[in-house]
Amino acid sequence: MGNDRYVSPLSERYASREMQEVFSPDRKFRTWRKLWIALAETEQELGLPITDEQIAELKAHADDINYEDAKKREKEVRHDVMAHVYAYGLQCPNAKGIIHLGATSCYVGDNTDLILMRDALAIVRRKLIGVIAHLAAFADAYKDLPTLAFTHFQPAQPTTVGKRATLWINEFMIDLEDLDYVSGTLRLLGSKGTTGTQASFLELFEGDQEKCDRLDPMIAEKLGFPGCYPVSGQTYSRKVDTRVLNVLAGIAASATKFSNDIRLLQHMKEVEEPFEKNQIGSSAMAYKRNPMRSERIASLSRYLLADALNPAVTSSVQWFERTLDDSANKRLSVPEGFLAADGILDLVANVAGGLVVYPKVIRKHLMAELPFMATENIMMDAVKAGGDRQELHERIRVLSMEAGRHVKEEGGDNNLLDLIAADGAFSLTREELEKSMDPARYVGRAPYQTETYLREVVRPLLEKNGGAAEYLPEINV
């Protein structure tokens, strides 16, 4: 393709070749032919006069699709399914009369969509586990490193770098639970007919209800599904697309949370995303190291979060047994949702697998705030030395306000310890106060929580899904 036509950035820049192949025309039309073969085989097994030779002919041309014949025919009949039925019949002259026998267009269209979503979810699942594996390794490496925690993006009681990473992991673990549930409930549409009544099959099988009952389960088994949806109109419920895209939107939300935290940490120079040797951070400011990958995660995630609204609206406006205002929307929203999710997960894995931590900067920021966090401990030490708690509480409140004013208004360092040491009510020397400044005293159970979470929740998942840690994708830009 030349440079005079639009090409989706999802294909050109962000999504992997693997995910693009799932939603490629070739995969789509080869799946149509698999479905036609499955239908013919099942109809033969249920007693219709279809020969082994006809099925063998269909199988012989399952993958060598004559696209030019189909395109030419579609221009004439304006119907993609019937164009491909015609093209398949040209290659299979003995079987052309039984291709698509009794079926409607949604037999191939909808069942293919369900098959492709199943396959795409498997890719998303594998990459999601890979992201969890990288973050688990990071959490384990830094489970004991104290860092300043934030509520409202204001300094709060310290945590550890590793414990913070478990919060990112937990978001993705929730996504994995949702994905597994939705994947586990996916079914085929089966062959329900024009309005979902299977009237054409009831006629083909001469009124035999039992054979009609057996038709869908036999097709589902051939395509690797546990069954078909029990009732439908001509199409499967578009609420299925909504559920699938909501899983992808959940991943986008988790990825945004992760990427935003990294962007804030990189601003503080505590943690950085990978930055390559020859990478340019800014066209104007040569010194800059912008969090470009994390920003791209946030950008693509925002697109995916908005895209997930499409199937929900489409589901809500389906009229009776079938309407066609879903078709154009589905062709865009579902594949592009998966392509976006694929690109997002590749970026998250790339960032999570190469995070750079600066412990000295982390400690500097922590120590600048730690005297405020340590006031309760300092007050208890002063009480043990004979002080009055109520009086000391008021004194430490006043001194804390003074130290805060010194920092904010005068631009000075936190001098709270000096103020306390100079206040006779505390009876504590500067050296005694310094003993209260070990950050490990203030992280609570963060190291223990991190190790417990990794041991009891995350590692069993990773062991069950071995090899995920090897997932460290290259990114295009």
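Values in this text are rule-based calculations from the coordinates and carry no lab data. Please read all numbers here as calculations on a predicted model, not as lab measurements. Here the Cβ positions follow ideal geometry from the backbone for every residue, glycine too, while neighbour counts run over all protein chains shown.
Peptide packing for 180-186, 391-397, 32-38, 79-85 was compared via the average number of neighbouring C-beta atoms within 10 Å per residue; ordered from the highest value, the list is 32-38, 79-85, 391-397, 180-186. Packing around the peptides 423-432, 2-11, 216-225, taken as the average count of other Cβ atoms within 10 Å per residue, puts them in this order, highest first: 216-225, 423-432, 2-11.
For the listed peptides 297-310, 261-274, 120-133, a ranking on the average number of other beta carbons within 10 Å per residue, highest first, reads 120-133, 297-310, 261-274. Under the 0.36 nm per residue contour assumption, what length would be gained going from the current alpha-carbon distance of residue 208 and residue 157 to full extension? Result: 11.2 nm gained on full extension. Charge tally for residue 22 (other residues, Cβ to Cβ under 12 Å; Lys, Arg +1; Asp, Glu -1): -1. Taking label points 7 Å from Cα along the Cα-to-Cβ direction, residue 306 and residue 472 give a separation of 3.5 nm.
Computed over neighbours whose Cβ is under 13 Å from that of residue 425, the net charge equals -2, Lys and Arg +1, Asp and Glu -1.
Computed over neighbours whose Cβ is under 9 Å from that of residue 447, the net charge equals +1, Lys and Arg +1, Asp and Glu -1. With the charge dipole of the chain set up from +1 on Lys and Arg Cβ and -1 on Asp and Glu Cβ about the Cα centre, the Cα lying farthest toward the positive end among the listed residues 120, 236, 446 is that of 446. Distance between the modelled labels on residue 94 and residue 418, one decimal in nanometres: 9.8 nm (7 Å Cα→Cβ projection). Excluding same-chain neighbours fewer than eight residues apart, the aspartates and glutamates reachable from residue 143 by a Cα-Cα span under 20 Å are 171, 261, 270, 272, 273, 438, 451, 456. Each label was represented as a point 7 Å from its Cα along the Cα-to-Cβ direction; for residue 441 and residue 144 these points are 1.9 nm apart. Toward the positive end of the charge dipole of the chain, with +1 on the Cβ of Lys and Arg and -1 on the Cβ of Asp and Glu, the farthest Cα among 305, 86, 205 is that of 305.
For residue 461 and residue 329 in the same chain, what is the full-extension length gain: residue separation times 0.36 nm, less their Cα-Cα distance, in nm? Gain on stretching residue 461 to residue 329: 43.9 nm. Helix 25-45 and the longest principal axis of the C-alpha atoms of the chain enclose an angle of approximately 50°. Taking the longest Cα principal axis of the chain as reference, the axis of helix 239-267 is set at about 30 degrees.
Taking 24 Å as the limit for the C-alpha separation, the pairs 127/464; 28/211; 269/435; 96/192; 28/464; 59/96 exceed it in the case of 28/211; 269/435; 28/464. Within straight-line reach of residue 330, meaning a Cα separation under 13 Å, sit the following aspartates and glutamates at least 8 residues removed in sequence or on another chain: 110, 113, 241, 307.
The helix-only estimate of mean residue ellipticity at 222 nm for the chain, built from DSSP H runs of length n ≥ 4 each weighted as -39500 (n - 2.57), is -20000 deg cm²/dmol after division by the residue total. Ranking of 373, 19 by neighbouring Cβ atoms within 10 Å, starting from the fewest: 373, 19.
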